[in-house]
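Participant: One structure coming up, written as structure tokens, with questions to follow.
Every number in this text was worked out from the coordinates using simple rules, so none of it is lab data. Small disclaimer: the values here were computed from a predicted structure and weren't measured. Counting neighbours? That spans all protein chains shown, and the Cβs are built from the backbone with ideal geometry, glycine included.
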Amino acid sequence: MRLKDKIALVTGAGGDIGSATAKRFAEEGATVILGDIKADGCEKVLQEIVEKGGKKGSIICADVTKEADIVAMFNRIKQDYGRLDILAAIAGGLAATLPHEEDFYDKKLGPYLEKYIMRNPDVSAENQHRAFRLFQDMMSSVWGGHMSSLTYRGSSMQFTYAAAKGGIFTFTRSAAMALGMYNITVNALAPALIEVSLIKNTLGPEMWEALRDDCASRYPMGRVGQPIDAANLALFLASDEASFITGQVIELSGGARL
């Protein structure tokens, strides 16, 4: 098992990509803490993990766009588990700093945070700056990854969103340069269209099917992405197998825009 005896936090765990990631982590031996703004979806995910023989973790309700919620979440993890080995920040808008407490990262607490996978689709430069502050707070104790989007290459229909993703590209490279000396890897996942309920419900069946079929016809693999595709890549970045990969934007795209 690649994550045996690890303690992992997955934010956005009630969503499609977050839940798939949490389940993959659990399958590989991790105890998973499920974070989300609401507990409903997380309860189902935790139940499925236990039913399949995974370790029973816990659920933390938190709005990851609010610094107070982030601080409270990590304080609870510190109290309940004493350490955190993996942070998979799948929820959009993670933008606050962790509580800067020396003892939280002291060696006597056991294994450090080993992986950091961060998704921050907010378009504001302030969010990107806060994200880097979070990395700085953890720099002595974490390896990291970062989630972006294929639109970092540019988009004719998503100007500001694409610009923000371009910022994440340079943020990822800059953070990798700055934090490599601390054994922190920083990489970005850049997915093409992933089939998730949020997009499907927003567009409605007819528009979703039209979008899905159009993208699938243009992707060399002939299909759009699934949450498990993102979860598998997140698992790889959370494992020791990715310990010498840093500063990269990894396109999860089925060959789109080759």
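Participant: Set Lys and Arg Cβ to +1 and Asp and Glu Cβ to -1, take the dipole of the stretch 186-258 about its Cα centre, and tell me which of Thr202, Ala242, Pro227 lies farthest positive.
Facilitator: After comparing all options, I get Thr202.
Participant: With r as the distance between the Cβ atoms of Glu241 and Asp214 and R0 = 41 Å, compute the FRET efficiency 1/(1 + (r/R0)^6) and round to 0.05.
Facilitator: Computed FRET efficiency for Asp214 and Glu241 comes out at 0.75.
Participant: Moving on to the next point. Using a simple spin-label model with points 7 Å from Cα along the Cα→Cβ vector, what separation in nm is obtained for Glu206 and Arg76?
Facilitator: Spacing of the two 7 Å Cα→Cβ label points: 4.3 nm.
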